[in-house]
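Following: one structure in structure tokens, then a few remarks.
Computed from the coordinates by the stated procedures, all read-outs in this text should not be read as laboratory data. Treat the numbers as computed from the prediction; the structure is a model and nothing was measured. All Cβ positions, even for glycine, are placed from backbone atoms using ideal geometry, and neighbour counts span all protein chains on display.
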Amino acid sequence: MSKKIFLVDVNRCNGCHNCQIACKDEHCGTSWLPYAAEQPDTGQFWCKVEQTVHGSVPKVNMTYMPLIGAQTEGLREYAPEVLMEREDGLVVIDPEKAKGREDIAEKFEGVYWNAELNIPQGCTGCAHLLDDGWTVPRCVDACAVGGLRFGDEADFADELAKAEKLDPKSNVYYLNLPKRWVAGQAIDPMADEVIIGAKVTMQEEGNEAAEVLTTTTDEFGDFWFRQVEGKKYHLWFDAEGYVEREIADVDATEADANIGRVGLYKMVPLG
């Protein structure tokens, strides 16, 4: 049997939190022994949606990313004696075998310590449902946009070739993880108008061999370079009838770069 994995497409996730709510609904107030003990009402998120704000006003967007803890081969390597034996490769912490093992919760992101029950807890892939005939866990079943999927690793082979992991040993793969963006607005400060159709060129600062990216400003004078690497960039602005302008050292290394309004000035005829 092929190993079961999760596949998250960040571009599809709209932040509805259905997956997070479904996980809570399945495990809070209900014990699924021997697979999992009851999850506390607060403090634990075996599946949670992380939201991140990018940029600064007025160039702002939000990304949403479902995070699923405990499904990592690192846990299998660290404490195989506390796991249930399964042919499908799901990592399931056995509540009985794992009693007293607070070190597991301390070591692994997404594994939580239940002090009342004296056990570490985390995502089981809803193994109790799969063994009862379900084909996917509750979180995946609740995703209406196809942003969260589950199945045999072999069935996702083509997509996994393009996917990334937040944890190199995780069984959770991600498509379209957000990179950086560089954005701004071209304006004519003398006319107090935006400039539509200005050509904007961007290249990594100090690297003439780097790829040259181009775009044009839209009807609001805005431009965007999306999904670029976290580096410093050099930008050139060129619009018909205007003096070309350069902006150096646009820093997108640590965060998305909103360079704000860029003023272009009209050429003055000689003579």
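Using R₀ = 51 Å, calculate the FRET efficiency as 1/(1 + (r/R₀)^6) where r is the Cβ-Cβ separation of GLU96 and GLN227; round to 0.05. E between GLU96 and GLN227, to the nearest 0.05, is 0.65.
GLU77 label point, 7 Å along Cα→Cβ, cut-off 16 Å on backbone N: hits in region 155-177? Residues 165-172 fall inside that zone. Extension gain for ASP132 to TRP236 (0.36 nm times residue separation, less C-alpha to C-alpha distance): 31.4 nm.
Shown here is the pair-distance distribution of region 105-205: with all Cα-Cα distances grouped in 10 Å bins from zero up to the longest one, the shares run 10, 25, 25, 15, 13, 10, 3, 0 percent.
Cα extents for region 180-263 along the principal axes, largest to smallest and rounded to whole angstrom: 34, 23, 17.
Less than 15 Å from a label point 7 Å out along the Cα-to-Cβ axis of GLU85: which backbone N atoms in region 116-150 qualify, by residue? No residue passes the distance filter.
Shown is the FRET efficiency for GLU219 and ARG261, computed with R0 = 22 Å from the Cβ-Cβ distance and rounded to the nearest 0.05: 0.90.
Counted by Cβ distance under 15 Å from ASN171, the other residues give a net charge of -4, where Lys and Arg count +1 and Asp and Glu count -1.
The separation of region 97-143 from region 1-75, counted between C-alpha centres, amounts to 12 Å. Think of the chain as having a plus end and a minus end, set by charges on the Cβ of Lys, Arg, Asp and Glu; of THR124, PRO66, GLN51, GLN51 sits farthest toward the positive end of this dipole. Rounded to the nearest 0.05, what FRET efficiency do THR30 and ALA144 give with R0 = 41 Å and r taken as the Cβ-Cβ distance? Could you check? My answer for the efficiency is 0.95.
Comparing PRO95, PRO120, PRO80 in a Gaussian network model of the chain where C-alpha atoms under 10 Å apart are linked, the largest mean-square fluctuation is found at PRO80.
Label zone of ASP167 (point 7 Å out along Cα→Cβ, amide N under 15 Å): in region 1-35 this covers 5-7. Each Lys and Arg Cβ is given +1 and each Asp and Glu Cβ -1; about its Cα centre, the chain then shows a dipole of about 180 debye. To the nearest ten degrees, helix 18-27 and the longest principal axis of the Cα atoms of the chain are 10 degrees apart. Per residue, the average separation of C-alpha pairs within less than 8 Å and at least 6 apart gives region 4-175 a relative contact order of 32 percent.
Residue separation of LEU177 and GLU109 scaled by 0.36 nm, minus their Cα-Cα distance, works out to 22.6 nm of gained length. Straightening the chain between GLU159 and VAL53 buys 35.5 nm, computed as 0.36 nm per residue apart minus the Cα-Cα spacing.
Cα centroids of region 210-227 and region 155-198: 12 Å apart.
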